Amino acid sequence: MLIGPALVVDAGDADALTAEVLASLPIPAGTQRVLFKTRSSELWNQAGAGFVEDFVALTADGAQWLVNRGVRLAGIDYLSVGPFSDPVPCHQILLAAGVIAVEGLDLRNIAPGEYQ
């Protein structure tokens, strides 16, 4: 599941990846691997800044949105797919459905689009 076509999607200035935000993004039906480039990508440019608690992450309804659409891998550009304030529900929803979460991706120099 880690190897194959993947879609990098720019989530713009969204504060959270809710179901509503995800529905507005260009994620075609049938997408199995999606990597989210968020405003958190810029945090990689702040060497030595330390851990940031208000990073962009999936909400529980966002995680369920991905599961409902058959996504099998969800990646994100900071250290957790779930929010710092409440990471457990997002992780539980994804993992219970067999969705692989890839965290800590450096996507700051990656353009949105399809990759292999």
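Quick notes
- For the chain, with +1 on Lys and Arg beta carbons and -1 on Asp and Glu, the positive-most of 51, 7, 89 along the dipole: 7
- Theoretical gain in end-to-end length, residue 44 to residue 106 [0.36 nm per residue, Cα-Cα removed]: 21.6 nm
- Relative contact order computed over the stretch 3-116 (Cα-Cα under 8 Å; 6+ residues apart), in percent: 33
- Loop-located GluC sites (Glu not before Pro) in the stretch 14-100 whose Cβ has at most 15 other Cβ within 10 Å (DSSP): 53
- Computed in the context of the full set of protein chains, the accessible area of the chain at 1.4 Å probe radius has 55% of its extent on carbon or sulfur.
- Fully extended contour minus Cα-Cα distance, from residue 79 to residue 97, at 0.36 nm per residue: 4.4 nm
- Relative to the globular-protein estimate of 2.2 N^0.38 Å, the Cα radius of gyration of the chain stands at 0.97.
- Beta bridge orientation in the chain: antiparallel %, DSSP, nearest 5: 20
- DSSP loop trypsin sites (Lys or Arg not before Pro) with at most 16 other Cβ within 10 Å excluded, longest remaining stretch of the chain: 1-68
- Evaluated with a Cβ-only charge set (Lys, Arg +1; Asp, Glu -1), the chain carries a dipole of roughly 460 debye about its Cα centre, given to the nearest 20.
The values are calculated or read from the model by the stated rules, or taken from the named source; none is laboratory data. Keep in mind it's a predicted model, so treat the numbers as computed, not measured. Cβ: placed from backbone, ideal geometry, glycine included. Neighbour counts: every protein chain shown. Note: accessible area is taken over every heavy atom of the protein model, side chains too, but ligands, DNA and RNA are not part of it. Shrake-Rupley method; radii C 1.70, N 1.55, O 1.52, S 1.80 Å.
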